[in-house]
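Quick notes on the structure that follows.
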Amino acid sequence: MSTTPIQHATVPIDLGERSYDILIGAGLLDDPTSFDGLPDAACAAIVSNPMVAPLYAARLRGALANRYARVLSIELPDGEAHKDWASLNTIFDALLAAGCDRRTLLFALGGGVIGDVAGFAAACYMRGVPFVQVPTTLLAQVDSSVGGKTAINHPLGKNMIGAFYQPLRVVADLSTLDTLPPRELSAGLAEVIKYGPIADEAFLDWFDSNLDALLARDKAALAHAVRRSCELKAWVVAQDERESGLRAILNFGHTFGHAIESGLGYGEWLHGEAVGCGMVMAADLSARLGMVEAARVDRLTRLVERAGLPIHGPRLGVERYLELMRLDKKSQAGEIRFVLLDGPGRAVVRGAPDAHVARVIEARTA
Ligand code: NAD
Ligand code: GLY
C-alpha cells in the first residue's frame, strides 16, 4: 500500500441517525467551513487544558466566532491523573454558572484525556448536549476522538465510569501535531500500529516502510496514518457501536496496558506506551497458545521499539497483574479475556490459562 499524498480527507462513520464525518487535514482549525452544518446555539464552550489552550484555542475561537455569539473557555488540569470526577464537575460548574442551556455545544480541544472527559460531560449535562471532537494528539486523531467512547478513570480501574456518546463531528487538524512532544508522538504511534495486526496486515507493512517518515512528522505519512486508522476504526464501530463483540478487538494490548497504567498510578506511563508494551505481551501470549508464529511477535516487538515505545512492562508481579486484569471490562465471571492474534490481520477475544499469562509476565517485564 502506498502513501497517498492527501491534503484533506473525510472519513464517514455510518451509525444511522448518529452518523458523522471525521475531517482530516492541515489547517482545518482555522477554517470556519470545518464547522459548517453544526447546530445553532446561543452558547458554545471550548474544553481544553493549560497546555493546549494557549496553542490552539484562539484559532478555534476565531473559526467559531461568526457561528456562536458566546464561546466559553473551560480549562481542566492537564494529564491522565485528572481524568476524574473533579474535572467533570469543573465542566458542569462552568456551564451552569454561565446559564448554558441544553442546546449548548461542547468542543473538546486536546488529546484523549480532554476528549474522553468533555465527551462524558456532554453525555451527562442536562441529559445530553451535542459535542465536537477537535483532537490535537496523534493518539486522539487515530483513535480516541472516534467512536463515541467517553469516560473518566476510577482509582480501581481505568475508564470505568463513562458512556457511549457520539460526537457530531471530528475535526483532526494535522498541523497541531507539529507541537506534540516526541514522547507523545510515539504514544500515538502505538494506536496506529494496533490496527495492522488486528484488521489490516497491509497497513502494518505500510507502517513498517513509513515509520521513519512518521517519526520525522512527514505530513503525507501522518495524513495516511490518520486516515487509514480512522477508516479501520469506523469500519469496526459501524458494525458494533457498543462493543457487544467485534469492537473489543480495538482493545489489542489494552488488557496488559490498562494493568500497567493503573498498577503504576495514572500518568506514570503514557496510555500509548502501556498499549505498545501491552501489544507485545498479548502477541507473545498468542504465540504461546499456538495461535501465531514467534516471527510475528518478533516483528511487532521490533516495530514497537522502533516507534520509541517500551517493550518490557514494569515488574508489578504476576499476582498483581492478574488482579488488575480481572478488573478489565472484557472480563466475564472473573475470567480475564484477551485480544489475541489469530493470523495476519486477524484477532479474537478469548481467555487464556493463568500459567501461560504468568509466563508472559515473567518474560516480558523488567
Ligand atoms: P493526553 O490527552 O494526556 O495528551 C497528551 C499530552 O499532550 C498532554 O499533556 C496534552 O496536554 C498534550 N497535548 C495535546 N495536544 C498537544 C499538542 N498539539 N501540542 C503539544 N501538546 C499537546 O493523552 P492522549 O495520548 O492524547 O490520550 C490518552 C487518553 O485517551 C487516555 O486517557 C486513554 O484512555 C484515552 N483513550 C480513549 C479512547 C476512546 O476510544 N475514547 C481510545 C484510546 C485512548
Ligand atoms: N479504543 C477502543 C475503542 O474505541 O473501542
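Where a number appears in this text, it was derived from the coordinates with a stated rule and is not lab data. All of these numbers come straight from a predicted model, not from anything done at the bench. We place every Cβ from the backbone using ideal geometry, glycine too, and count neighbours over all the protein chains shown.
Averaging the Cα positions of each part gives two centres, and for region 38-68 and region 301-366 these lie 40 Å apart. Could you give the distance between the Cα centres of region 255-284 and region 200-220, to the whole Å? For region 255-284 versus region 200-220, the Cα centre distance is 22 Å. Full extension of the chain between ALA366 and LEU215 yields a length gain of 51.8 nm, computed as 0.36 nm times the residue separation minus the alpha carbon distance.
Eigen-decomposition of the gyration tensor built on the alpha-carbon atoms of the chain gives equivalent ellipsoid semi-axes of 33, 23, 18 angstrom, largest listed first.
May I ask for the percentage of alpha-carbon pairs in region 151-227 that lie more than 19 Å from each other?
So the portion of pairs separated by more than 19 Å is 51 percent.
One way to sum up the overall shape of region 83-203 is the equivalent ellipsoid from its Cα gyration tensor, whose semi-axes run 27, 15, 14 Å, largest first.
Applying D = kT/(6 pi eta Rh) to region 194-254, where Rh is the Kirkwood radius over alpha-carbon pairs, T corresponds to 10 °C and eta to 1.306 mPa s, the Stokes-Einstein value obtained is 129 µm²/s. Rounded to the nearest 20 debye, the dipole size of the chain about its Cα centre is 360 debye, using +1 on the Cβ of Lys and Arg and -1 on the Cβ of Asp and Glu.
Each 5 Å bin, from zero up to the one with the longest distance, holds this percent of the alpha carbon pairs of region 275-336: 4, 18, 20, 23, 20, 13, 3, 0. By DSSP, the beta bridges lying fully in the chain are antiparallel in about 45 percent of cases. The listed peptides 237-243, 197-203, 247-253, ordered by packing as a protection proxy, come out as 247-253, 197-203, 237-243 (highest mean of other Cβ atoms within 10 Å first).
For HIS8 and SER73, the FRET efficiency from 1/(1 + (r/R0)^6), where r spans their Cβ atoms and R0 equals 25 Å, is about 0.35.
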